[in-house]
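**Q** One structure coming up, written as C-alpha cells, with questions to follow.
Every number here is computed from the coordinates shown, using simple stated rules; none is lab data. It should be emphasised that the depicted structure is a prediction, and the values quoted were computed from it without experimental measurement. Every residue, glycine among them, receives a Cβ derived from its backbone with ideal geometry; neighbour counts consider all protein chains shown.
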Amino acid sequence: MSVKQAQREVSSREFIEWIGFYTLEPFGDARGDLQAARICETVEANLNKKPRSFEKFVLDFDQRPQTVEEMKSKIAAAANTRKHKG
C-alpha cells in the first residue's frame, strides 16, 4: 500500500491503534530476524554439544559489512572444524 493510499484509507484513529498494537506485538523485519535467530540456535543445539548462544545469531546491522575474503576465511574455518569433528 502506498503512503497516499494509506492516507486515504486509514483513519488517524486506526493508525494510532496500529502503533499501539506494534508496541505490544512487534512485527516486520526485526521480529523476523529474532525468530530466525531462535531457529538457528535450536538447530545448533541439536547438532553440537557446545551450541552458541542466541545472541550470536542475531543480526547486527550497525557493524561493518564483511569483505569477501573475511567470509571465505570464516567458511573455511567452519569447514575445517566440521572435518575434525568427524
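**Q** With a sphere of radius 15 Å drawn around the Cβ of Gln63, what net charge do the other residues whose Cβ falls strictly inside it have (Lys, Arg +1; Asp, Glu -1)? Mind dumping the intermediate values first?
**A** Details: positive: Lys56, Arg64, Lys74; negative: Asp33, Glu55, Asp60, Asp62, Glu70.
Charge balance near Gln63 sits at -2.
**Q** Hey, another quick one. So for Ser2, Ser53, fewest C-beta neighbours within 10 Å to most, what's the order? Don't jump to the answer; show the numbers that get you there.
**A** Values: Ser2 7, Ser53 10.
Placing the least packed residue first, the sequence is Ser2, Ser53.
**Q** Taking the chain as the reference, fit the longest principal axis to its C-alpha atoms, fit the long axis of helix 68-85 to the helix C-alpha atoms, and give the angle between the two in degrees, 0 to 90, nearest 10.
**A** Roughly 50 degrees, rounded to the nearest 10.
**Q** Taking 0.36 nm per residue of sequence separation and subtracting the Cα-Cα distance, how much length would be gained by fully extending the chain between Ala78 and Ala36, in nm to one decimal? Provide the component values of the computation, followed by the final result.
**A** On the way: separation 42, 0.36 × 42 = 15.12 nm, distance 2.01 nm.
13.1 nm is the gain from fully extending Ala78 to Ala36.
**Q** Could I ask something else about it? Using Cα extents along the principal axes in Å as the read-out, say which of (1) 82, 23, 21; (2) 61, 29, 19; (3) 53, 29, 26 was calculated from these coordinates.
**A** Computed from these coordinates, Cα extents along the principal axes in Å corresponds to label (2).
**Q** Provide the FRET efficiency to the nearest 0.05 for the Phe27-Glu70 pair, computing r from the beta carbons and using R0 = 41 Å. Provide the component values of the computation, followed by the final result.
**A** On the way: r = 32 Å, r/R0 = 0.79.
Calculated value: 0.80.
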